[in-house]
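What follows is one structure encoded as structure tokens, with my remarks underneath.
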Amino acid sequence: MMAKAVAFVLFEGAEELDFVGPWEVFTMAGMVTRGDITAFTVAEKAGLVKCAKGLQVVADYAFDDCPSAEIILVPGGMATRVQVDNPALIAFLARMDARADYTTSVCTGALLLERAGVLKGLKATTHWGAIEELKATGTETLENTRFVDNGRVITSSGVSAGIDMSLHVVGKIWGAEVARATQKYMEYYPEPPRWD
């Protein structure tokens, strides 16, 4: 097994499920692989970060003292429209991407990756409500897809799609058996309720 650390990049107003769903995937996969996967949170400043729906999460590290990570995950949310103009965040993403094996985003986290130069020449996706925003950056944007895999850069559409993308990354790195075991432990078998 290949040990990997996953850095979850947080900011004020980050959409909760964008990172909590993937956190569950990667940490559950860590249980399946008996510790080969670790996870931590990082924000501009260590400490409490208030997310989009009011959940407060403690960032383990600040940008300045963040350890390296093989996998980077960037959530989205309405706050990305402000965060694209946060030079500290954008520089941090570019720096982390340069050292990571995989850089991933959920939802409008793709807008942050684009601003950091990570999506240059790549295809990407984002939440359906932000497709036109991402297209306007010049990024080749794919619609109606759960995630887009460019090799080391992987973007997913909105919110719950981050779970699918994270399971894909687990399978890509540690194999289908680990991904299936993770899915089973999570009991992640999406069956939307019927409204008829």
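Residues of the range 24-35 that are closer than 12 Å to Asp164 by Cα and surrounded by fewer than 20 Cβ atoms within 10 Å (Cβ to Cβ): Glu24 alone.
Contact map, the range 8-36: first residue more than 17 Å from Val178 (Cβ to Cβ), second residue acidic (Asp, Glu) and open to solvent by 10 Å² or more (accessible area, probe 1.4 Å), Cβ cut-off under 8 Å, separation 6 or more or different chains; pairs are Phe11/Glu44.
For the range 21-45, taking the residues that are at pLDDT below 95 and of a type in the set (S, T, N, Q), the one that is nearest to the chain's Cα centre (by Cα) is identified as Thr38. Taking first residues from the range 115-135 that are surrounded by 14 or more Cβ atoms within 10 Å (Cβ to Cβ) and partners that are at pLDDT below 95 and not hydrophobic (A, V, I, L, M, F, W, C), the Cβ contacts under 6 Å between residues at least 6 apart in sequence or on separate chains come to His127/Gly158. Thr38 falls short on exactly one of the conditions (1) open to solvent by less than 20 Å² (accessible area, probe 1.4 Å); (2) of a type outside the set (A, V, I, L, M); (3) touching a strand residue (DSSP E or B) at 6+ places or on another chain (Cβ under 8 Å), and that condition is (1). Scanning the range 79-110 for residues that are closer than 15 Å to Pro67 by Cα, among the small types (Gly, Ala, Ser) and out of contact with any strand residue (DSSP E or B) (no Cβ under 9 Å at 6 or more places or on another chain) turns up Ala94, Ala98. Does Asp149 satisfy the criteria of being among the acidic types (Asp, Glu), under 22 Å from Val25 (Cα atoms), within 14 Å of the chain's Cα centre (by Cα) and surrounded by 15 or more Cβ atoms within 10 Å (Cβ to Cβ)? Criteria met by Asp149. Only residues that are aromatic (Phe, Trp, Tyr) and assigned to a loop (DSSP other than H, G, I, E, B) were counted across the range 1-29, and they come to 1. For the range 54-85, residues that are open to solvent by 10 Å² or more (accessible area, probe 1.4 Å) and in contact with a Leu (Cβ under 9 Å, 6 or more places away or on another chain) total 7.
The values are calculated or read from the model by the stated rules, or taken from the named source; none is laboratory data. Keep in mind the model is a prediction, meaning the values are calculated, not measured. Backbone-built Cβ (ideal geometry, glycine too); neighbour counts: all protein chains shown. Quick note on the areas: whole protein, heavy atoms, side chains included, nothing else; ligands and nucleic acids left out. Shrake-Rupley method; radii C 1.70, N 1.55, O 1.52, S 1.80 Å.
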